[in-house]
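The values are calculated or read from the model by the stated rules, or taken from the named source; none is laboratory data. On a predicted model such as this, the values are computed, not experimentally measured, just so you know. So basically every Cβ, Gly included, is an ideal-geometry build from the backbone, and we count neighbours across all protein chains shown.
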Amino acid sequence: MTIKTKTILKNKFWIVEDEGVRIGTLSVAEDKYMFNSPEGTKYFNSERALKKTFGKDVLINEVTAEVEQDIAKEVYGYPTSTTPYNPLLDVQRKLPLFTKSDKSKSLYCAGYYIIHFDKGWVKSFCPKLITVERYEYQGPFKTDLEMKQALSKANGK
């Protein structure tokens, strides 16, 4: 078993892989670590406890080239699906916006969202601005984990 992490948000959110296969996600808030996998969620009160379970090198990232690319794929601290062009912030709605090319006129919202369509709440990563304008939504969220928590709360209502 070779556990490695891939940084999504520096010092906050990682994808956890075992020999190249994704087994879950890891996030940290207020010095507590949360490992989320298909088997469930585990909490760790310290980095030491986390390393005891996953190994001492769990937070050492060996995929440095991909990490550098992920850092460039942000708009105002929110992740994007592609390299963003023309970043701007809609201050009234607090939406980080971007285009996917230099000359594009289609605006996308950076980050994770949940959107309420006729069939119910659906998760979305970097939806078009027009979709967010037409439907009820919650977001933006900086991580997939935050979005999934909001989705389960919205579906529980």
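Tabulated data
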| read-out | value |
| --- | --- |
| Any hit, region 80-94, residues being in contact with a helix residue (DSSP H, G or I) (Cβ under 9 Å, 6 or more places away or on another chain) and at pLDDT 95 or above | no |
| Single unsatisfied condition, residue 143 versus (1) in contact with a Lys or Arg (Cβ under 8 Å, 6 or more places away or on another chain); (2) among the β-branched types (Val, Ile, Thr); (3) at pLDDT below 90 | (3) |
| Which listed residue, of 66, 74, is crowded, with 16+ Cβ neighbours inside 10 Å, modelled with pLDDT under 95, closer than 14 Å to residue 8 by Cβ and not basic (Lys, Arg) | 74 |
| Meets criteria (more than 23 Å from residue 73 (Cα to Cα) and exposed (fewer than 13 other Cβ atoms within 10 Å of the Cβ)) for residue 47 | no |
| Breaking point among (1) within 15 Å of the chain's Cα centre (by Cα); (2) in a strand (DSSP E or B), for residue 116 | (1) |
| Pick from region 99-127, criterion aromatic (Phe, Trp, Tyr) and farther than 19 Å from residue 9 by Cα, ranking: surrounded by the fewest Cβ atoms within 10 Å (Cβ to Cβ) | 117 |
| Residue match in region 136-144 (condition: assigned to a helix (DSSP H, G or I), over 16 Å from residue 97 (Cα atoms) and either small (Gly, Ala, Ser) or touching a strand residue (DSSP E or B) at 6+ places or on another chain (Cβ under 9 Å) (or both)) | yes |
